[in-house]
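Any read-out appearing in this document is the output of simple, stated calculations on the displayed coordinates, not a laboratory observation. All of these numbers come straight from a predicted model, not from anything done at the bench. FYI the Cβ positions are ideal-geometry reconstructions off the backbone, even for glycines, and counts take in every protein chain you see.
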Amino acid sequence: MTQKNNCLLCLPLKYPLIWSNLDFRIVLINDHSYPGYCRVESISHVKEMTDLSDLKRQEFMRIVFIVEAALRVHLMPEKINLATLGNITPHLHWHIIPRYKLDNHFPESIWSNPKRSEKKELLESETLILIEYIQKKLNN
């Protein structure tokens with residue numbers, strides 16, 4: 001694994017691991033304002049999607065779409081935001097963010113100024129069901 005010592009995503013995981021293989025992993029951010037918020041990360045320190053082979057890019061996006069579909073089925077958000085920025089952490093990762101009409105920033109970006117200050121996390125039972133569903137879909 002290529003690793004950068006000052007890279008937050010190369011350090012030991014801060015968030016619960018949902019699933020991983022040799023190349024990618026899914027972590028549950030589950031932010032108080034965005035229940036079910038997940039991130040799909042490259043395990044190797046890769047900066048851009050085009051740094052991956054065609055097959056790895058396809059695999060990465062397949063994982064992102066499986067997570068998106070799982071969030072839609074289980075949480076029924078108003079919208080799902082998919083984002084890959086990496087300006088602050090130039091280590092390839094995708095944010096999969098369920099959005100709700102009453103979340104703190106809706107309909108703006110989660111990085112914009114908040115409009116509200118609601119807090120809600122998934123219940124432990126909801127989290128387990130979501131994790132099991134994602135794992136089942138990825139292990140098929």
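Brief remarks on what is shown
- Counting only cysteine Cβ atoms and a cutoff under 4.7 Å, the chain contains unmatched residues 38.
- Burial ordering of 125, 112, 42, fewest other beta-carbon atoms within 10 Å first: 125, 112, 42
- Segment 108-133-segment 8-22 distance, computed between alpha-carbon centres (Å): 19 Å
- Residues 129, 96 in ascending order of nearby Cβ atoms (within 10 Å, fewest first): 129, 96.
- In segment 95-140, GluC sites (Glu not before Pro) in a DSSP loop with at most 16 other beta-carbon atoms within 10 Å: 108, 118, 121
- Dipole magnitude for the chain: about 120 debye, using +1 per Lys or Arg Cβ and -1 per Asp or Glu Cβ, origin at the Cα centre.
- Extension gain, residue 116 to residue 128: 0.36 nm times the residue separation minus the Cα-Cα distance gives 1.5 nm.
- The chymotrypsin sites (Phe, Trp or Tyr not before Pro) of segment 36-140 that DSSP puts in a loop, and whose beta carbon has at most 15 other beta carbons within 10 Å, are 111.
- The chain: angle of helix 54-75 to the longest principal axis, Cα-based, in degrees nearest 10: 20 degrees
- Here's the picture: charge each Lys and Arg Cβ at +1 and each Asp and Glu Cβ at -1 in the chain, and of 96, 21, 70 the one pushed furthest to the positive end of that dipole is 96.
- Between 35, 114, 12, the GNM of the chain built on Cα springs shorter than 10 angstrom shows 12 fluctuating the most.
- A cut-off under 12 angstrom between Cβ atoms defines the neighbours of residue 33, and their net charge, with Lys, Arg +1 and Asp, Glu -1, is +1.
- Here the Gaussian network model covers the chain, with springs between Cα atoms less than 10 Å apart; of 44, 117, 20, 117 fluctuates the most.
- The chain: most fluctuating residue of 27, 73, 40 per GNM, C-alpha cutoff 10 Å: 73
- For 99, 72, the sequence from fewest to most other C-beta atoms within 10 Å is 72, 99.
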